[in-house]
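S.K.: Structure below; questions to follow.
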Amino acid sequence: MYSLMVINPTGTIETTRSHAPRLDTLEGKTIAELSDDQWQAHRTFPQLRQLLREIFPTVRIIPYTEFPMGTAQIDSEYTADLIKERGAQAVIVGNAA
Amino acid sequence: MVIFPVDLFLVDSDLYPLKQNLGRFVNGLTRWQSKTRMVGIRKPPNIRVEGEDYKEAVINGEKLFVKNLWWDGLPLVLPTEERVAWILKGTDSSPLNHVGRIMPRGGIATVETLAVALAMAGGRPEYLPVLIAALQAMLSPEIRHEKWQATSCSIYPVAIVNGPVAKQIRLNAGFGLLGPDPQHPAGGCIGRALRLLQQNVGGALPGVGTMAMFGGMRYTNAVFAEDEEGLPAGWEPLSVEYMRHPKGSNVVVVSAVSSATNILRRGTGKETLEEEAENSLRVIASYMRSLNVNSLVSYEQGTPGILLISSTIANQLASLGWTKEKIKLFLWENTRIPLSELERMGFSRWIQQSNLTHTLQDPWPITSQPTNIAIVVAGGRHPTHAYWMQSAMCPGVASVGIKLPARWDELIKEAEEDLGPMP
């Protein structure tokens, strides 16, 4: 039997932190919307907001219009700090296509 | 992530799928768990492939790469430990050194990873310093690769090499520089290696990690050299004039583009030289003068694109008093687009939505200043055509110096033994 050793071409992976733990429920929680202002986000976010409020009447949703909008703008430490300041416990980011 | 067919995201789409899939949003916020909880660095182990003999082991290794989607559809060279060790002679850096993280997958490319990609692409050790510099430039913040690696726009990196290293490694600056050329194999190998890194480390698999509708520049991106020997007197190489490197230094200049247009620019031969020169620049301007939403991000600090003109054309223009600066100014002035045209195409809304500090001008220039246009003297020494590569989603242009190993002369000598005399 002949054998060769080949090197995996996919590189090294570094995980610096785990994904954030999930919420136990959306009732009484605050969710922030972050929009890249693309792909009908101006229509999908209001619709999604309304649907979530129908199921979870006490959920508080901060609309995307209250945060910076745009691909580069939402991907910033400034936006992340703003979300924390507003007391959001979860974020819905959209849309990509 | 909640994934939908693209129909949901089109203008005036039916939003009912949101209601149908509401549970997936709730699940993502409440019950979803990651498959891995491990934190730290993980390097996948080397892989043993076996066969009855060497030939069968190689075939089995190739099948492994095919089934894992680590190839690009073309035959590849198996990156055995021995082959990769040979490629690594092209650098004095430790194989474990991190070159950078390639998005969207976020895999880290080490020097060894680059050597693996170059081995797969059929490369040689003397290409490795250029590949390292090209990837470093591609990963720099000015290039913002994390945005265009995954986008639906079919974007690919362009790497232009200046300095003596270009000729030493047989990088093409002349005829066929963007295509296959067995006399100048370096560009295809380096470009293919870069593409394999984008896919295997960065996750840019078509339809999965990248939504590029039509794909990038086939398999090999665009890697070539400037025709520095053919520069007119007083014209500086791209690395000097555009990126302010010292003359004669080995540099890779990188940007990202989404299109490539071949421009027939010569006259019928019955006009005067002056007439042909100016007419030809107007023809070139007519191709450059196009609305490109994807180049708004490079409007102020980057380039609207890279214009390739051959040494023949450059010297003809220079003999008539055209400097690079004068050509750029002419092109800038003659590529401006009336506001009425922008508005008919809906482009003015994109401009207003962007972060540009300039207000709408009438007519609208394709870039904020003429000096943003990048002109490279390259291509077959022939007068007929110029080539325009329009930039996309790339805020700037980046450049990195190429570091050669101590045994460089020895590598070039080995190349001459393997490949024959320089073309």
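The values are calculated or read from the model by the stated rules, or taken from the named source; none is laboratory data. Bear in mind that the values here come from a model prediction, so they are computed numbers and not experimental data. Every residue, glycine as well, gets a Cβ built from its backbone with ideal geometry; the counts of neighbours run over all protein chains shown. When the accessible area is computed, the model is the full protein with side chains, heavy atoms only, and any ligands, DNA or RNA have been set aside. Shrake-Rupley method; radii C 1.70, N 1.55, O 1.52, S 1.80 Å.
S.K.: Assigned to a loop (DSSP other than H, G, I, E, B), surrounded by 12 or more Cβ atoms within 10 Å (Cβ to Cβ) and at pLDDT 95 or above: is that true of A:Ala88 in this structure? Steps first, answer last, please.
M.R.: Values: assigned to a loop (DSSP other than H, G, I, E, B): yes; surrounded by 12 or more Cβ atoms within 10 Å (Cβ to Cβ): yes; at pLDDT 95 or above: yes.
It is true that A:Ala88 is assigned to a loop (DSSP other than H, G, I, E, B), surrounded by 12 or more Cβ atoms within 10 Å (Cβ to Cβ) and at pLDDT 95 or above.
S.K.: Among (1) under 30 Å from B:Pro141 (Cα atoms); (2) under 23 Å from the mean Cα position of the chain (by Cα); (3) outside any helix (DSSP H, G or I), which single condition is B:Ile263 missing?
M.R.: If we test B:Ile263 against (1) under 30 Å from B:Pro141 (Cα atoms); (2) under 23 Å from the mean Cα position of the chain (by Cα); (3) outside any helix (DSSP H, G or I), just (1) comes out false.
S.K.: Out of the residues in the stretch B:27-60 that are small (Gly, Ala, Ser) and at the interface with chain A (Cβ under 7 Å from one of its Cβ atoms), which is nearest to B:Trp71 (Cα to Cα)?
M.R.: Here the residue is B:Ala57.
S.K.: Inspect all residues belonging to the stretch A:38-47 and state whether any of them is more than 8 Å from chain B (Cβ to nearest Cβ) and of a type in the set (Ser, Thr, Tyr).
M.R.: no
S.K.: Let me ask something else. Residues that are under 22 Å from B:Gly302 (Cα atoms) and either of a type in the set (S, T, N, Q) or without any contact (Cβ under 8 Å) to a residue 40 or more places away in the chain (or both): list the helices (runs of 4 or more DSSP H) wholly contained in the stretch B:91-183 that include at least 3 such residues.
M.R.: Working: elements: B:111-120, B:128-138, B:145-148, B:165-168.
In the stretch B:91-183, there are no helices (runs of 4 or more DSSP H) which contain 3 or more residues that are under 22 Å from B:Gly302 (Cα atoms) and either of a type in the set (S, T, N, Q) or without any contact (Cβ under 8 Å) to a residue 40 or more places away in the chain (or both).
S.K.: Condition first: outside any loop (DSSP other than H, G, I, E, B) and within 14 Å of chain A (Cβ to nearest Cβ). Now tell me which residues in the stretch B:191-244 satisfy that.
M.R.: Hits for the stretch B:191-244 are B:Arg192, B:Ala193, B:Leu194, B:Arg195, B:Leu196, B:Leu197, B:Gln198, B:Gln199, B:Asn200, B:Thr210.
S.K.: Let me ask another. Give me the residue from the stretch B:63-73 that is touching a residue at least 12 places away in the same chain (Cβ under 8 Å), open to solvent by less than 70 Å² (accessible area, probe 1.4 Å) and more than 9 Å from every other protein chain (Cβ to nearest Cβ) and, out of that set, farthest from the chain's Cα centre (by Cα).
M.R.: B:Gly73
S.K.: Right, here's the next one. Please tell me if A:Arg22 is open to solvent by 20 Å² or more (accessible area, probe 1.4 Å) and out of contact with any strand residue (DSSP E or B) (no Cβ under 9 Å at 6 or more places or on another chain).
M.R.: No, not satisfied.
S.K.: Sort out which residues of the stretch B:82-100 are open to solvent by less than 70 Å² (accessible area, probe 1.4 Å) and at the interface with chain A (Cβ under 9 Å from one of its Cβ atoms), and write them in order of number.
M.R.: Correct list: B:Val84 only.
S.K.: Being without any contact (Cβ under 8 Å) to a residue 24 or more places away in the chain and either more than 29 Å from B:Cys153 (Cα to Cα) or hydrophobic (A, V, I, L, M, F, W, C) (or both) narrows it down to one residue among A:Glu54, A:Glu27, A:Glu77; which is it?
M.R.: Every option except A:Glu54 fails the conditions.
S.K.: Continuing with this model, one more query. From the list B:Trp322, B:Trp332, which residue is in contact with a helix residue (DSSP H, G or I) (Cβ under 7 Å, 6 or more places away or on another chain) and outside any helix (DSSP H, G or I)?
M.R.: After applying the criteria, what remains is B:Trp322.
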